[in-house]
Amino acid sequence: MPDQHEILNNKKILIVDDEPDILETLEEILDMCLIDSAPNYETAKKFLEKNHYDVAVLDIMGVRGYDLLELATSKGIPSLMLTAHALSPDNLIKSIKKGARSYIPKDKIADIATYLADILQEAEEETRESKWFQRLKPVFDKKFGADWREKDREFWDEFDKGFQVSKDELGQIM
């Protein structure tokens, strides 16, 4: 199984965020990738209309992230939603329903290469696993409370059915 650096090497990635320091940080973390950065919706939309990307990293707030997610999804580009201010169970569900392959709090940005490698590997293998969710569920439990999934139990039951992970896979993830 290739490591994350190998998986990400020379992959074309669109990064969209209205915070210049976040763009800069992501460019540094993902220096093995070919990156286009956009500080706003308009620039990102032009990039998405003219180029193909292996994956997109989209901020939710400030750049119309959901509109960009719909555009990226319509072009077959897997997307990771990155958020600080919109971190909530409702936005997590909305992101998944609109096609996001992952939803990452900005305070986990240092681990973004791991999440992107998971997305790219899943796309290559034409699977849709929940490695990202298994990695982040303890974070969400801490931020939202242990019973946060109860409000939308039907959604989460369906989500869980579609993303079954074996004990061996869970051991590899953790």
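If you go through region 78-121 one residue at a time, how many are assigned to a strand (DSSP E or B) and of a type in the set (A, V, I, L, M, F, W, C)?
4
Would you mind telling me which numbered condition in (1) buried (at least 20 other Cβ atoms within 10 Å of the Cβ); (2) charged (D, E, K, R); (3) at pLDDT 90 or above Asp118 fails?
(3)
Mind checking which pairs have a first residue in region 21-35 that is without any contact (Cβ under 8 Å) to a residue 24 or more places away in the chain and a second that is part of a helix (DSSP H, G or I) and among the acidic types (Asp, Glu), Cβ under 6 Å, 6 or more apart or different chains?
Every condition considered, the pairs that remain are Ile35/Glu27.
Of all residues in region 81-96, how many are surrounded by fewer than 22 Cβ atoms within 10 Å (Cβ to Cβ) and in contact (Cβ under 8 Å) with a residue 12 or more places away in the chain?
11
Would you check if there is a residue in region 37-55 being free of Cβ contacts under 8 Å to residues at least 60 places away in the same chain, within 28 Å of Pro2 (Cβ to Cβ), touching a strand residue (DSSP E or B) at 6+ places or on another chain (Cβ under 9 Å) and among the β-branched types (Val, Ile, Thr)?
Taking every residue of region 37-55 in turn, none turns out to be free of Cβ contacts under 8 Å to residues at least 60 places away in the same chain, within 28 Å of Pro2 (Cβ to Cβ), touching a strand residue (DSSP E or B) at 6+ places or on another chain (Cβ under 9 Å) and among the β-branched types (Val, Ile, Thr).
Are there any pairs with C-beta distances below 7 angstrom linking a residue in region 123-140 that is more than 14 Å from Asp111 (Cα to Cα) and assigned to a loop (DSSP other than H, G, I, E, B) to a residue that is charged (D, E, K, R) and modelled with pLDDT of 80 or more, with the two at least 6 apart or on different chains, and if so which?
These pairs meet every condition: Arg128/Glu122; Glu129/Glu122.
Test Ser74 against the criterion of being within 27 Å of Lys50 (Cα to Cα), of a type in the set (S, T, N, Q) and crowded, with 18+ Cβ neighbours inside 10 Å, and give yes or no.
no
What tally of residues in region 52-68 results from selecting those that are at pLDDT below 95, touching a helix residue (DSSP H, G or I) at 6+ places or on another chain (Cβ under 9 Å) and among the hydrophobic types (A, V, I, L, M, F, W, C)?
2
Quick check on my filter: what residues within region 46-60 are of a type in the set (Asp, Glu) and more than 13 Å from Leu71 (Cα to Cα)?
Asp54, Asp59
The values are calculated or read from the model by the stated rules, or taken from the named source; none is laboratory data. On a predicted model such as this, the values are computed, not experimentally measured, just so you know. Cβ coordinates were reconstructed from backbone atoms using ideal geometry, including for glycine residues, and neighbour counts include every protein chain displayed.
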